[in-house]
Structure formats: structure tokens, C-alpha cells
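Take a look at the structure below.
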Amino acid sequence: MIFRAAQLSTLVYPAAVAHGEAECVAHDRDAVAHGARALGLDFLTWHDDAGTDTEFAMICEPGKTWIAVRGTTSLRDVYTDIRATRRQFTGADGDRMRIHAGGYLCAMSVAGTIATQLRARPWDDVIFTGHSLGGMIAQILAVMMPTRYGVGDRKISTITFGQPRAGCRRFARALRALDGTHVRAYHRGDPVPWLPGALSRLTPWPRYVHAGEPMAWPCARVGIAAHKMSGYLADAAAIR
């Protein structure tokens, strides 16, 4: 399942962000649909929210619906990344938590569309996946589904790659409480999973923490080269 998540997290990226290595055929609905079919999967939808520049694909296989969220590719996404003040969010049990404000607004912009699609497939387990910013938004969406949209009567899992922290300890607890598997894969040399750690020490509590079970992968590269989705895809293929 880790390799499938890596394939889909790669599929939603445009080739232009691959830094010399093609990570995706193109960056539009038709290309993503073609890529999904090439993987032997059924394409449901591709959605682009113009206001937040949040894009995701919904792709199915028997008994599962995958939601793959694209990571940072634009200046609008960079603004989302740095908008790391904490936004209050109330969980399904009434517990109040603090989450990344930029990630929250992006998740809110597409959550209704996702919930509508999931209600049409009530028999499917759901897996949210994404790389970098996409992974953070994927975790927030997973927690939102049973809280705001009533889509919680099923197994909801998350598999992310090189994602920054999404919220506080209460958010991590809310994700863990979902009936599903929650894995956070990262390269040891990747700096993005450390974010927004510095900010959480300079602003009021609660501090940002990671959510999901960590899966640390060794990496010969250090720095932004260790953050590339192509590297995560290669490592996921090696361990499948």
C-alpha cells in the first residue's frame, strides 16, 4: 500500500516540478486519468480549487477510494506553506485542537467536494495520500471527514511523504483515533518534516507535533534534494 500511495502522490504532480526527472505525464485531468488507467485503477475525478490552488485526484480500486493531494508547485502554495499560524478546529468528540492555518483553508476549500464523492461510495475504505504540503492537507482532510461532513462510518487511512507538521498534540490524537492506518514516511535528510518546528517555539502554545506512525528512510542526500517525490517513489518501490 505504501508503493501505491507513492505512485498516486507522484501522479498528481506536473512534470515541471520533477527537477529533471519526469514525475507525471502532465498536470491536468486527462493526463491524471490516463495515468490512473495505466496503473490499472479507475479514475473518479480531478479537482482544482482556483481560490487556494488546491488540487486532488480521486482514484478507485476494488473496496478502496484514494484521495491524492498535490504538494507545492506555485507561489500560492508557498504562501499556504508559510501561513503557519494556528487555526482552531473542533474534532468529532468536541475536542478543540490547533492546526496549520494554510493547510486548514486548503482542506476546507475541497472537503465538501470530497465528501460528496465519498457518500456515493459508502462501501469503500478511504486512503488520503500526498507529498509535502499535499501530505499535510491529506491528514487534515482525514480528520475533517467525520467531524464536519459525517463521512466517518468507514476505515479512513493516511499515507504521506515528507510532510510538514499539521497541528498540535490533540490533532495527532484525533488522527490516531480514526479507524485506519496512519503512516508518515520521510527521508532522514529531508528538512521539510522539521517544519514548522522553529515557529512553534516562537509562538504561543500548543506546539506543532507530527501525527501518524513515522517511517524513517535512510537517504544519501541531505537538504531539498532529499525532499523530491521521485526519491520517495524509488524508495517505496524498493521496499514493496
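Kindly check whether there is at least one residue in the stretch 148-159 that is of a type in the set (Val, Ile, Thr), touching a Leu at 6+ places or on another chain (Cβ under 8 Å) and under 17 Å from HIS47 (Cα atoms). Within the stretch 148-159, none of the residues are of a type in the set (Val, Ile, Thr), touching a Leu at 6+ places or on another chain (Cβ under 8 Å) and under 17 Å from HIS47 (Cα atoms).
Here TYR79 clears all of (1) assigned to a strand (DSSP E or B); (2) of a type in the set (Phe, Trp, Tyr); (3) over 16 Å from the mean Cα position of the chain (by Cα); (4) more than 14 Å from ALA107 (Cβ to Cβ) except the condition numbered (1). Restricting to the stretch 67-106, and then to whatever is more than 15 Å from ASP48 (Cβ to Cβ) and of a type in the set (Gly, Ala, Ser), can you tell me which residue is surrounded by the fewest Cβ atoms within 10 Å (Cβ to Cβ)? For the stretch 67-106, the residue satisfying everything is GLY94.
Exactly one residue among THR52, THR65, THR72 is farther than 15 Å from GLY35 by Cβ, out of contact with any Cys (no Cβ under 8 Å at 6 or more places or on another chain) and outside any strand (DSSP E or B), and that residue is THR72. Check whether at least one residue in the stretch 75-83 is free of Cβ contacts under 8 Å to residues at least 24 places away in the same chain, in contact with a helix residue (DSSP H, G or I) (Cβ under 6 Å, 6 or more places away or on another chain) and not small (Gly, Ala, Ser), and report yes or no. Yes, some residue in the stretch 75-83 is free of Cβ contacts under 8 Å to residues at least 24 places away in the same chain, in contact with a helix residue (DSSP H, G or I) (Cβ under 6 Å, 6 or more places away or on another chain) and not small (Gly, Ala, Ser). Checking each residue of the stretch 110-122 against the condition of being within 27 Å of CYS168 (Cα to Cα), open to solvent by 20 Å² or more (accessible area, probe 1.4 Å), at pLDDT 90 or above and not aliphatic (A, V, I, L, M) gives at least one match.
Inside the stretch 123-152, can you point out the residues that are among the polar types (S, T, N, Q) and at pLDDT below 90? Matches in the stretch 123-152: THR147 only.
Got at least one residue in the stretch 214-222 being open to solvent by less than 10 Å² (accessible area, probe 1.4 Å) and hydrophobic (A, V, I, L, M, F, W, C)? Checked against the condition, which is being open to solvent by less than 10 Å² (accessible area, probe 1.4 Å) and hydrophobic (A, V, I, L, M, F, W, C), the stretch 214-222 yields no hits at all. Restricting attention to the stretch 143-181, the residues that are farther than 19 Å from THR85 by Cβ and open to solvent by 10 Å² or more (accessible area, probe 1.4 Å) add up to 17.
The values are calculated or read from the model by the stated rules, or taken from the named source; none is laboratory data. Source: prediction; values computed, not measured. Here the Cβ is made from the backbone with ideal geometry for all residues, glycine too, and neighbour counts use every protein chain on show. Remember, those area values only see protein heavy atoms, side chains included, never the ligands or the DNA or RNA. Shrake-Rupley method; radii C 1.70, N 1.55, O 1.52, S 1.80 Å.
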